[in-house]
1. Where the convex hull is taken over the Cα atoms of segment 261-327, what is its projected area averaged over directions, in nm²?
2. Take ILE300, ILE74, ILE207 and order them by how many other Cβ atoms sit within 10 Å, fewest up front.
3. When the Kirkwood radius is taken over all Cα pairs of segment 177-243, what Stokes-Einstein diffusion coefficient follows at 4 °C and 1.567 mPa s, in µm²/s?
4. Is the chain best put as rounded, prolate or oblate by its Cα gyration tensor, with a ≥ b ≥ c the root eigenvalues, rounded for a/c under 1.5, and otherwise prolate when a/b is larger than b/c, oblate when not?
5. In percent, how large is the relative contact order of segment 82-324, given Cα pairs closer than 8 Å and 6 or more residues apart?
6. Counting each DSSP H run of 4 or more residues in the chain as -39500 (n - 2.57), what helix-only mean residue ellipticity at 222 nm follows after dividing by all residues, to the nearest 500 deg cm²/dmol?
7. Calculate the length of the line joining the C-alpha centroid of segment 59-76 to that of segment 27-51, in whole Å.
8. Given Cβ point charges of +1 (Lys, Arg) and -1 (Asp, Glu) and nothing else, what value in debye, to the nearest 20, does the dipole of segment 228-327 about its Cα centre take?
Amino acid sequence: MELILNSFGTTLSRENDQFAVSHADGKQLIHPSEIKCISISKGARITSDAALLAIDNEIDVLFIDKKGMPKGRIWSSKYGSISTIRRKQLDFTFNEMAVEWIKDVIRQKLENQIALLYSSCPVDRLNDVSFNRLLNRIKDYSVKIEGLNGGIVQDVASSLRGWEGAAGKIYFETLSTFLPEEYKFQGRSQNPAVDLFNALLNYGYGILYGKIEGAMIRAGIDPYVGVFHRDDYNRPVLVFDVIELYRVWVDYVVFNLCKQKAIGEECYSRRPDGSVWLEILGRRILIQSINDYFDEVILIKGLERTRLTHLELYCQNLAQYFLKGKW
């Protein structure tokens, strides 16, 4: 399980060989074997003894901000051969196969968006001419991406960003039309969100960032050596590349929470500047929903595994791809 400490005053300490979670309602003892990772929000505390217990048991400790974004982490020194893979990553970023890799990533993202729109569309609109015209526009961008040629990623980066952004605008505007009136939104908004849907989406993406970064570190990949996102100083830019493959998982969870009207007014607040922030109950519902979704077993490439395990396997395979140097 993932241990989430997001209530003010909660403390994680060590008692003998177990974790002790202390809060206003009492204390709970948890054996390390029951925990896969630990997420700590502002206002919660972890002792050095508990941190060392996590390290000894190769449990990832992630510190997140109020938007759900990872701010720092503690991990075991036993994780992957980072220095070797880092050199291979650098070689890969200047190889023409990096162009093909990122093209595949963005095309898969667009295919995922089309699939979610199809599955979310009301039955009476599936044959609607305007709906199918929008899907065809996204497909057209995918075809354009496939036809791109370049020796290095910088040769195609501008076109990729433009077409990816245009397709995303169509996708989110269409998705919004399928929602109950009170959950509709006007496109993407970040830092901060100006509506509930985007507040949920931003926090959900933050959770996904943390899981992908952790999977990369465990696989021995350096998350700071990116392919497409390469200009952000001191940011885990490879995470920003790989997350495009999995954003649709968060989109699906958030869309269904809103479709089912599972997020009420007590789950969020609107600030004087118009921004929308999730409150404790809203974060709790979203985190549980995402974790439940990630724990579902699905079939990918002939393997039946949980979604989270598939993500881990992707990062492990990517590390081997870098390491073998056979682009």
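Taken together, the values in this text are just the output of simple stated rules run on the coordinates, not laboratory data. Just so it is clear, the structure is predicted and the values come from calculations on it, not from any experiment. With ideal geometry, Cβ positions are generated from the backbone for all residues, glycine too; neighbour counts draw on all protein chains shown.
1. Its Cα hull, projected and averaged over all orientations, spans 7.9 nm².
2. On the way: ILE300 13, ILE74 16, ILE207 25.
So the ranking, lowest neighbour count to highest, is ILE300, ILE74, ILE207.
3. Estimated diffusion coefficient is 96 µm²/s.
4. Oblate, because a/c is 1.5 or more while a/b does not exceed b/c.
5. Numbers: 283 pairs, mean separation 54.9, N = 243.
After rounding, I find 23 percent.
6. Details: 10 runs with 161 residues, N = 327.
Helix-only estimate at 222 nm: -16500 deg cm²/dmol.
7. Spelled out, the Cα-based centre of one part sits 12 Å from the other.
8. My answer is approximately 240 debye.
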